[in-house]
Structures are given as structure tokens and as C-alpha cells.
Amino acid sequence: VLSFIIFICYIASLADSFMTAPLLEFVLALFLFFVYATKLNEKFKGLYWPLTDFLRCVTAAIIYFAISIAAVSKYSDGASKAAGVFGFIATIVYAIDFYITFNDLVTFLKQGSSDSPEGHKSE
């Protein structure tokens, strides 16, 4: 929802060249929501879905931070400033999601290392 609001703000502003990043993040978030809602992630075991979400969060936080700084400092219209402020909020939200997903990845990797083939050989 936040990405869609930022997208609308960039459309209404002079910084309309920045509108592609929120649009792509919105589409990727919808795609991952659809995958998790329909449980397609359980059917496609070859792709580790939390890692996909982790990479999306990292790139989104970096991109939103960069375009928010550019929108706030370079453009003086209200819509650009609003998009920049919402972009900073999105940066914080994606950073929190990054932290939560990172903890899930660490838990998964620790679980995977205890489930290694060497442990099965000793049995």
C-alpha cells in the first residue's frame, strides 16, 4: 500500500521520473503476496522464497532511500516532498522487514546445518 501511495505521489509531482521504482516494488509485493496466499511457494521447492523476499527488501530499502533523498533535495513541489517523506517511511518499513526476514534466514541456515549429511552417516 505504501509503495502504491508513493507511486501516486510521484505521478502527481515534478519528480515523475522516479515513479518506476515504487511501481516495480508494488508489483513485486503483489506477486509475493499472491505466491504466499495461494501457497505456490510450497509447490516450487527449488526456489527459497524467504531469500527472494529478503533480496527484495534490501534492494527496496536502498532504492527508496536514494530516490527519497533526491526527491526531497532536488524538487520543491509538495507532491515530491510527500513522496520523499513516504519514501523514508517505506525505507524504515523495508528495513524492519529486512531484519525480520534475515532472522528467518539465519534460523533456516542453522536448522539446515544440523540436518547435514555427515549427521546421517554416523547413524
**Asked** Summing +1 for each Lys or Arg and -1 for each Asp or Glu, what net charge is found among the other residues whose Cβ lies under 15 Å from the Cβ of Ala70?
**Response** 0
**Complete:** Along region 52-68, Karplus-curve 3J(HN,Hα) (6.51, -1.76, 1.60; θ = phi - 60°) to the nearest Hz, with x for Gly and Pro, reads 4, 5, 4, 5, 5, 5, 5, 5, 5, 5, 5, 5, 4, 5, 5, 6, 5
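Give me the 1.4 Å probe accessible area per residue for the chain, excluding ligands and nucleic acids, in Å². Don't skip to the end; give the middle numbers.
On the way: 7890 Å² over 123 residues.
For the chain, the per-residue accessible area is 64 Å².
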**Prompt:** In terms of solvent-accessible area of protein heavy atoms at a 1.4 angstrom probe, what is the ranking of Leu23, Leu2, highest value first?
**Reply:** Leu23, Leu2
**Prompt:** Expressed as a rounded percentage, what relative contact order does the chain have, with Cα pairs under 8 Å and six or more residues apart?
**Reply:** 31 percent
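At 1.4 Å probe size, put Leu30, Leu105, Leu24 in order of accessible surface, largest to smallest.
On the way: Leu30 90, Leu105 20, Leu24 110 Å².
Of Leu30, Leu105, Leu24, the descending order of accessible area is Leu24, Leu30, Leu105.
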**Message:** Could you give each residue of region 28-36 its phi-based ³J(HN,Hα) in whole Hz, using Karplus coefficients 6.51, -1.76, 1.60 with θ = phi - 60°, and x for Gly or Pro?
**Reply:** 5, 5, 5, 4, 5, 5, 5, 4, 6
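The values are calculated or read from the model by the stated rules, or taken from the named source; none is laboratory data. Predicted, not measured: the structure shown is a model, and the values here were computed from it. Quick reminder, even Gly has a Cβ in these numbers, built from the backbone with ideal geometry, and neighbours come from all protein chains shown. Side chains included, ligands, DNA and RNA excluded: accessible areas come from the protein's heavy atoms. Shrake-Rupley method; radii C 1.70, N 1.55, O 1.52, S 1.80 Å.
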